[in-house]
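Peer 1: Dumping the structure here so I can ask a few things about it.
The values are calculated or read from the model by the stated rules, or taken from the named source; none is laboratory data. This one's a predicted model, so the numbers in the text were calculated from it and none came from an experiment. For neighbour counting, all protein chains shown are included, and Cβ atoms are generated from backbone atoms with ideal geometry for every residue, glycine included. Only protein heavy atoms, including side chains, enter the accessible area calculation; ligands, DNA and RNA are left aside. Shrake-Rupley method; radii C 1.70, N 1.55, O 1.52, S 1.80 Å.
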Amino acid sequence: MRLLLLQVRHDPRVRQEEYESFVRYCRLRPDELDTLNVFEQPEFGPEVLEGYDALLVGGASAASVLQPDDYVFVPNCIELLRWCIEVDRPVFASCFGFQLAVLALGGEIIRDATDFEIGTLPISLRPAAADDLLFGDTPDQFLAVSVHRERAVQCPAGAIELAFTEHCCHAFRVSNRRFWACQFHPEVDRQTLVERLTIYRETYTDGDDHLNEVLNGAQETPESNDLMRKFVDRVIR
């Protein structure tokens, strides 16, 4: 089994941490997961998935799906996800990957300058989640790490909404495809959240008091983290 992780990470510390997090929660061996970092290789097409069983897409703290002129890899990421949908290549996308998937399906992403989600939050399930391969045995109001300034107001056309908060759509599956996307971070646990927010404090917090408030309220997220294992075990193996 071989998976490819599409990374949108400029900081080498976060790049390595994200890779290790996906390996850990997908329960993979390191040699089963390769990476393609779009900051280093912005031009690519579907050929990058030759020989791989599935695609994973992570987050991005130094890029925006709404600025394709500044981040030239964004259109290529969107086209790769469209190709995966067309040929039914298994995909699990989180955070930035979720936003790319929304755009790939013709949906809308907006940016919140203030009052955005940050920390570990309870995620509610839609009725359709009961029949979903990954979310069917996930409890309602499960906790997940969510840190994002951009969001989808609603689930895009052609997808089945699985989870949400009052703030936004949080998870969907593309209809009749092995393609899941989550706005929250199933690959991130409490300790990783602490480490990552400490690095990106200036991007997501209003100073040390705000940072400490978020970190002190952070909780473990086992049900969210287990979605990665379910994807590998139930979809790929």
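Peer 1: Please enumerate the residues belonging to the stretch 77-99 that are buried (at least 23 other Cβ atoms within 10 Å of the Cβ), touching a helix residue (DSSP H, G or I) at 6+ places or on another chain (Cβ under 6 Å) and either of a type outside the set (Phe, Trp, Tyr) or part of a loop (DSSP other than H, G, I, E, B) (or both).
Peer 2: Correct list: CYS77, LEU81, VAL91, ALA93.
Peer 1: Now, a different point. From the set of residues in the stretch 1-38 that are in contact with a Phe, Trp or Tyr (Cβ under 7 Å, 6 or more places away or on another chain) and open to solvent by 50 Å² or more (accessible area, probe 1.4 Å), which is modelled with the lowest pLDDT?
Peer 2: The extreme case among them is HIS10.
Peer 1: With a cut-off of at least 2 residues that are buried (at least 20 other Cβ atoms within 10 Å of the Cβ) and over 14 Å from the mean Cα position of the chain (by Cα), name the strands (runs of 3 or more DSSP E) lying wholly within the stretch 127-237.
Peer 2: Result: 142-147, 159-164.
Peer 1: Additional query: Looking at the structure I just gave you, is ALA54 under 22 Å from GLU187 (Cα atoms), among the hydrophobic types (A, V, I, L, M, F, W, C) and open to solvent by 30 Å² or more (accessible area, probe 1.4 Å)?
Peer 2: Answer is no for this residue.
Peer 1: Determine if the stretch 34-45 includes at least one residue that is outside any loop (DSSP other than H, G, I, E, B) and out of contact with any helix residue (DSSP H, G or I) (no Cβ under 7 Å at 6 or more places or on another chain).
Peer 2: yes
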